[in-house]
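Okay, structure first, notes after.
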Amino acid sequence: MKSSVKFYLLFSLFLLGTILSFVTHSRAQGVSPSGEDIVNGALLYDKWYAALKVNPPANDMLIWSRQSTNTRSGPDTWRCVECHGWDYKGLEGAYGSGSHFTGFPNIMKLVGQMSEEEIVAHLKGAKDPAHDFSPYIPEASLSQLAVFLKYGLIDDAAYIDGISLKVIGGNETHGGQLFQQTCSTCHGEDGKTIIFHSEGVNEYLGTLANRDPWRFLHRTRFGTAGTTMPVGFNLGWTPEDGRDILAYAQTLPTGGEIPVVEPTTRPEVTPTKLPGGPATNLFTGILTGLGAFVGVIGYALLFTFGFILAGFLVITVLRRRKE
């Protein structure tokens, strides 16, 4: 009896250890502990103060003063994406040059070497006090951000050509079907219903898809912070589905085209015939000729009569002066 109890006790401990080992291994391999955490973390990465519906700090983030190439200020300096990019590669990615360049590191590489706990600690300023978000972002939200950074990042180098910014191997037909089913409700069939304001310029969805495809993919997968945009991750879209939608979106109008204005459709109207015009037969031709002749003679006689009358008046005036 005792040996039986001992056996079951040892077996239970073995089973518990196996389960704990499996969970630990799964999370180490990048299996998401929660899809909701990944999505919420992605929204926080985009714009945490919009996701949390709070006012952003008015001043620049402390770490911002360590760079001088990106001239943005205020709320933008507190966004993770402004330092590390929509491709998560910082100075080694799309933000390695241009107005967004800061020189801050490739976060995809950094989190690959860190646990969730270490990421949260870093977000709380453990490694760098200037990187402390804990006064502004609740602990639970910092954990969600860490989950996204650890398990939700996707390297889109396989989907986007880094030079042309065009999609690699996308299926436009499939992407168009997904776009019309979900996205066109808000963006319109041509992607021009919503106008985006970027870099002081108005853009359509097609413009954005061609100019910043990494941003397009991030928001297609996880939505836009502070909005009710559908979330591809929650719809079961795969990274390949997002790629296909991007491929289709890159064919939409970019705003550079001159809109074609179609003529207004209206019933045909027969114009009213105006009087006059060229002669249409011999009789009217003769009448037209006589009319022209009489008109010329009349003007000539009138001119002659006027000339004679003027001369008569002049002679009369001169005779009276002599008398």
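Laid out as a table, the results:
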| quantity | calculated |
| --- | --- |
| Formal net charge of residues neighbouring residue 139 (Cβ-Cβ distance under 14 Å; K, R +1; D, E -1) | -3 |
| Sites residue 117 and residue 180, calculated FRET efficiency, Cβ-Cβ separation with R0 30 Å, nearest 0.05 | 0.10 |
| Distance from segment 89-139 to segment 151-166 (C-alpha centre basis), Å | 20 Å |
| Least to most buried among 119, 195 (fewest other Cβ within 10 Å first) | 195, 119 |
| Cα pair distances in segment 159-201, grouped into 5 Å bins until the bin that holds the longest one, percent each | 6, 18, 16, 17, 26, 15, 2 |
| Counted charge near residue 159, where neighbours are those whose Cβ lies closer than 13 Å (Asp, Glu -1; Lys, Arg +1) | -4 |
| Spin-label proximity, residue 66 to segment 87-101 - amide N less than 14 Å from point 7 Å beyond Cα toward beta carbon | 91 |
| Cα-based shape type of segment 139-239, given that a ≥ b ≥ c are square roots of the gyration tensor eigenvalues and the cut on a/c is 1.5 | rounded |
| Taking 87, 156 and counting other C-beta atoms within 10 Å, the order from fewest to most | 156, 87 |
| Tail fraction, Cα-Cα pairs, segment 32-153, threshold 24 Å, whole percent | 20 percent |
| For residue 242, net neighbour charge (Lys/Arg +1, Asp/Glu -1) across residues whose Cβ lies under 11 Å away | -1 |
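Where a number appears in this text, it was derived from the coordinates with a stated rule and is not lab data. Quick caveat, the model's predicted, so the values are computed rather than measured. Cβ coordinates were reconstructed from backbone atoms using ideal geometry, including for glycine residues, and neighbour counts include every protein chain displayed.
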